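J.: Shown below is the structure under consideration.
The values are calculated or read from the model by the stated rules, or taken from the named source; none is laboratory data. Source: prediction; values computed, not measured. For neighbour counting, all protein chains shown are included, and Cβ atoms are generated from backbone atoms with ideal geometry for every residue, glycine included.
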C-alpha cells in the first residue's frame, strides 16, 4: 500500500539548490491565489533535466500519491537543507496555472522560475529554468515534468519501470564533442566532456591525449603531462602524445624531458 505523501519532484544540480515541488504548508492570505484544480490520487511524473551544453538529458520516472487535503492550497516549493538563503515568490496561482520565482543569495547566486500548467484535472506540466554563478562561469539548467493521473487509489498503482529511461551514453560521442569544444576554445566544457569519455572507456589512449591537450591550452602543464603519459602508457608508439608531452614539459621547465620526448617521437615511424 502506498502511503499518501506530497507530490514531489527533485531537481538536483551542483551550484543550484535542491528543490521539491509539493503542497504548500503556509496559509495564503491573498484572495487571488487559488489552489490548482487537479485530482487527488496516484500520479506518474516523468522528469527531464537538461544542463547547458550538449550532454544527454537526464530522464526519471516516479509515482507519488497526492492527498485531497494537500490540494486545498496552491502548490509551491520546499527547500531541502538549511542556510540556502533562498526566497520564493508565488507570482500567479489560479486553478489551472501557477508561476513561482526563486532567488538565492550566497556563493551560488542562483535564481529560477517554475511554471505549472494543468489543462485538465488529470494532467499537468511543470517547466523550470535555473541559472547559478559558478566562479566566472554561469551554470544553466532547465527541466520539464509531465504529470499524469493514474487513479484515485494509490494501492493499485502499476509497478515502476524496471529499466532506466535515460538513453545509453557513448564514449566516442563525448570524445568528439570534447575535441569540438577544444577547437572552439571552450576548454572547461571540453574537460567535462573528455572526463566523461574516459569514465566510460578508460583504456582509450586518444581520450587521454585529447584531455591533456585541453589542459595544455589551459596552461595546466602538470595535469597535461599526466594525461600524455597515460596516453603513452596505453599506446607505446603514440608519437603525437610524445610531442605534446614535450611541449608540456618544456613549459614546466623540464628541458631534458622535453628533448627526450622529441627524440622518441622522431624515432616512431609515421602511420601509413
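J.: Looking at (1) part of a loop (DSSP other than H, G, I, E, B); (2) within 22 Å of residue 252 (Cβ to Cβ); (3) within 23 Å of the chain's Cα centre (by Cα), which is the one condition that is false for residue 219?
T.: Residue 219 satisfies every listed condition except (3).
J.: In this structure, is residue 157 assigned by TED's automatic domain parsing to the domain that holds residue 214 and either within 28 Å of residue 62 (Cβ to Cβ) or modelled with pLDDT of 90 or more (or both)?
T.: no
J.: A further question follows. For segment 234-272, give me each residue that is outside any helix (DSSP H, G or I), without any contact (Cβ under 8 Å) to a residue 24 or more places away in the chain and surrounded by 17 or more Cβ atoms within 10 Å (Cβ to Cβ).
T.: Correct list: 254 only.
J.: OK, next. Would you point out the residue of segment 55-92, among those that are surrounded by fewer than 15 Cβ atoms within 10 Å (Cβ to Cβ) and over 20 Å from residue 128 (Cβ atoms), that is modelled with the lowest pLDDT?
T.: In this case the residue turns out to be 82.
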